[in-house]
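Note sheet for the following structure.
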């Protein structure tokens, strides 16, 4: 039986690379999807807004694990085989997209209505109002909760291990099966997650103080 | 796509799924109650219990909130037996979910406490209220009212997150899904039905929390 030493630790660190990559994929895919959903929610088009609302509601009320299973096994039905990479990418993006969409919708709606009207009065088109007046102000509101949610994404990539994806948690399980030292192995895994997550948590908290978002805007509605 | 959906085998096992869903609900409700009780206690201790209570509970909150639930669960279920504490899966799941939930509720309720205007606490001090009385009569109710919406969303996340305890073989809804999957070889149909059950539970909780919030807090005037 092996004991938990440097090679095992390095093996876990290497797998942690996949935790980071998966998180980045979820940020990109989820970010793009979330932007579209948030835009649809405030577009004023009833169908687009309704669609985005239902999407967000459904994905926020589905366990991420079920999402992973559905994509994983659903993909097999289409004849592409069971591909953990694609399944994890799609599921994490759909999941993160719903949350980013909801966060950003809230931020966009927190910009006072008067800002739309004022920029309309200045002759901005609807797109220009959105692009030059509303978005820049809502970014300030959106950043702290967005960074906060990024922590959730890192932690939730651990679920990919359940459908057999080789990231940090899966590597920890593997090392534990070799060494039978669950406490040390899982504490080390927890420490690695903590080192990835905690700086973001602190950043989110600092931004919240700095950008002072509990008061949505200095410009009163 | 030449695939015929067959839900027959899944619907034939509806009693098993109902049993799993019932355990999911039981686990979630227990974790919510534990989270509410300990979260309130810890939040009060952090705010009124002096520097060491604040630091200690703060460390617990950060440790839980910055590591995955799955790893916490593994530490409890696979780690504790190696120091002589062997737990059955359901107990391990319950402890894991409660410890996890309480960290989040502590933070939510603490921000509720911080939203109580300083002047009210100082006024109560000037009227010679003891700290216990201040907490009971001045702080707790408005703090919980501010915290209520966030607590509701957190509790729904706890219920959804309970699907993860299937990994330590607690026989809840997702675990029943695993069993049916291997029996029927119809994973997609099985997980669609399981997902729909989760959605139904989540929507019910959403409505329930909205109703509780209204009936509990709305009638008692503004903050």
Residue hits (region A:153-183; in a helix (DSSP H, G or I) and either more than 9 Å from every other protein chain (Cβ to nearest Cβ) or in contact with a strand residue (DSSP E or B) (Cβ under 8 Å, 6 or more places away or on another chain) (or both)) are A:153, A:160, A:163, A:170, A:171, A:174, A:175, A:177, A:178, A:179
Inspect all residues belonging to region B:115-124 and state whether any of them is within 12 Å of chain A (Cβ to nearest Cβ), touching a helix residue (DSSP H, G or I) at 6+ places or on another chain (Cβ under 6 Å), assigned to a helix (DSSP H, G or I) and in contact (Cβ under 8 Å) with a residue 24 or more places away in the chain.
no
Scan region B:134-149 and tell me whether some residue there is surrounded by fewer than 20 Cβ atoms within 10 Å (Cβ to Cβ) and either within 24 Å of residue B:74 (Cβ to Cβ) or modelled with pLDDT of 95 or more (or both).
no
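Listed here are the residues, each with its yes/no results for (1) crowded, with 18+ Cβ neighbours inside 10 Å; (2) within 30 Å of residue A:122 (Cβ to Cβ); (3) at pLDDT below 95.
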| residue | (1), (2), (3) |
| --- | --- |
| A:134 | yes, yes, yes |
| A:144 | yes, yes, yes |
| A:164 | no, no, yes |
| A:181 | yes, no, yes |
Taking residue A:58, is it in contact with a helix residue (DSSP H, G or I) (Cβ under 8 Å, 6 or more places away or on another chain), more than 10 Å from every other protein chain (Cβ to nearest Cβ), part of a helix (DSSP H, G or I) and more than 18 Å from residue B:166 (Cβ to Cβ)?
no
Among residues belonging to region A:61-71 that are within 7 Å of chain B (Cβ to nearest Cβ) and assigned to a helix (DSSP H, G or I), point out the one that is nearest to the chain's Cα centre (by Cα).
A:65
Only one of B:163, B:169, B:153 is more than 19 Å from the chain's Cα centre (by Cα) and within 30 Å of residue B:20 (Cβ to Cβ); which?
B:169
Selected residue [within 14 Å of another protein chain (Cβ to nearest Cβ), assigned to a helix (DSSP H, G or I), over 19 Å from the mean Cα position of the chain (by Cα) and surrounded by fewer than 20 Cβ atoms within 10 Å (Cβ to Cβ)] from A:79, A:74, A:50, A:106:
A:74
Only one of B:205, B:151, B:160, B:196 is assigned to a helix (DSSP H, G or I) and free of Cβ contacts under 8 Å to residues at least 12 places away in the same chain. Can you tell me which?
B:196
If residue A:13 meets every condition in (1) surrounded by 14 or more Cβ atoms within 10 Å (Cβ to Cβ); (2) in contact (Cβ under 8 Å) with a residue 60 or more places away in the chain apart from one, which number is that one?
(1)
Out of everything in region B:176-192 that is more than 10 Å from chain A (Cβ to nearest Cβ) and crowded, with 20+ Cβ neighbours inside 10 Å, what residue ends up being farthest from residue A:60 (Cα to Cα)?
B:180
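The values are calculated or read from the model by the stated rules, or taken from the named source; none is laboratory data. Given the structure is predicted, the values throughout are model-derived calculations rather than measurements. Every residue, glycine as well, gets a Cβ built from its backbone with ideal geometry; the counts of neighbours run over all protein chains shown.
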